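Shown next, in structure tokens, is the structure this report addresses.
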Amino acid sequence: MKEKDRRSKNASVTAAKGRGAEARGGHHEQRLPPVKGAGFKAKSGGPPLKTAPEKGERRRSVQEALPGRVIRHRTGDKPAETVPLILETAATAGYHLIDSGDGEKLEQYGPYRIVRPEAQALWPKALAASVWEKADAVFTGDTDEDGMGRWRFPREVLGETWPMQLLDTDFLGRFTSFRHVGVFPEQLAHWSWVKDQVAAAGRPLKLLNLFGYTGVASLIAAKAGAEVTHVDASKKAIGWARENQTLARADKLPIRWICDDAMKFIQREERRGSRYDILLADPPKFGRGPNGEVWQLFDHLAAMLDICREILSPEARGLVLTAYSIRASFYSIHELMRETMRGRGGRVESGELIIREGGLDGKEPGRALSTSLFSRWVPK
């Protein structure tokens, strides 16, 4: 089924077809911030960790990082393709993008208006300065995606957390030292897709969430009826995810919370013969695992996807990859995904996740803010 037929009222989809028609079918404050590493999310919160190789440090090859593991040479036809596919998050209960511009964005998270740096906002702000000045929280400091800084509260001092709800799932928003707030709302498009897949399956689907951060995706999937395995290398992020589980009244739902290096975990799952119906992966561009493991996205992503293919079930519903803050085109990960899935049939859909401005009330559609690249394999 085409994505535009599956979108929820909270996420609209625009598909623009690429080369040839039917011939194409087939993630810690970078989300307080565990550095994304071989199991970290550079978008998460936690103690400050190194996010780049030390001077003179040599990158390890895939063979060094994964001794004895050779990327398979796949044969067979590549999946069909849909490019570019733009997945859009519009205003929804609990969140909307109010305005953006001049390198910043103004967002509504539950009861709070928040200002954060945004390098993609190249245009002037649309709303008056007086609107921006009424923000409840402003992130100041390093404007890099993983840069540390502090929060300024112009109106009154706020606590570290506050209650949020998206897609009928409760969790805690968080003011972290790496500018992120415990959730990535652009992922609503993927989360809505997951809910649709679980609802349509007619059986409990097994879902693996790699680099799972604070667990919002895992909770949404489990509440929809999936059996979820959530993996993150940050103990703090796993702790936050468990807090969210309690807040969501989901303590009895089938979720395994695993604090581990993501690459090591999926290698073990491959050896065990474990299989999953849906796999979500949101790796960092650089990170370190709990035992000094080095993750370099450009060096190790191909191996990660190769293993992910091996642990997809024969009846799998999808493999979703998201990439933040990398200097690459979505076509790079699109072609990698198609090569990885050779001989498996289906379709690879790739493009960008965007958030649409909605004005003060969320009802005045404005400019689209690009947030990340994605590639998604689906069986048909």
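The values are calculated or read from the model by the stated rules, or taken from the named source; none is laboratory data. Quick caveat, the model's predicted, so the values are computed rather than measured. A quick note on method: Cβ atoms are made from the backbone with ideal geometry, for glycine too, and the neighbour counts reach across all protein chains shown.
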Original post:
Does any residue of segment 124-142 turn out to be modelled with pLDDT under 95, β-branched (V, I, T) and not in a loop (DSSP other than H, G, I, E, B)?
Top reply: yes
Original post:
Where residues in segment 290-330 are among the hydroxyl-bearing types (S, T, Y) and over 21 Å from D196 (Cβ atoms), which of them is surrounded by the most Cβ atoms within 10 Å (Cβ to Cβ)?
Top reply: Y324
Original post:
Taking segment 194-207, which residues are under 17 Å from the mean Cα position of the chain (by Cα) and either buried (at least 24 other Cβ atoms within 10 Å of the Cβ) or acidic (D, E) (or both)?
Top reply: V194, L207
Original post:
What are the residue pairs meeting all of these: first residue in segment 55-83, first residue surrounded by 18 or more Cβ atoms within 10 Å (Cβ to Cβ), second residue at pLDDT 55 or above and aromatic (F, W, Y), Cβ atoms under 7 Å, and 6 or more apart or on different chains?
Top reply: P79/W377
Subject >> Residue in segment 291-323 that is nearest to G346 (Cα to Cα), counting only those that are among the β-branched types (V, I, T) and out of contact with any Ser or Thr (no Cβ under 9 Å at 6 or more places or on another chain) >> reply: I307
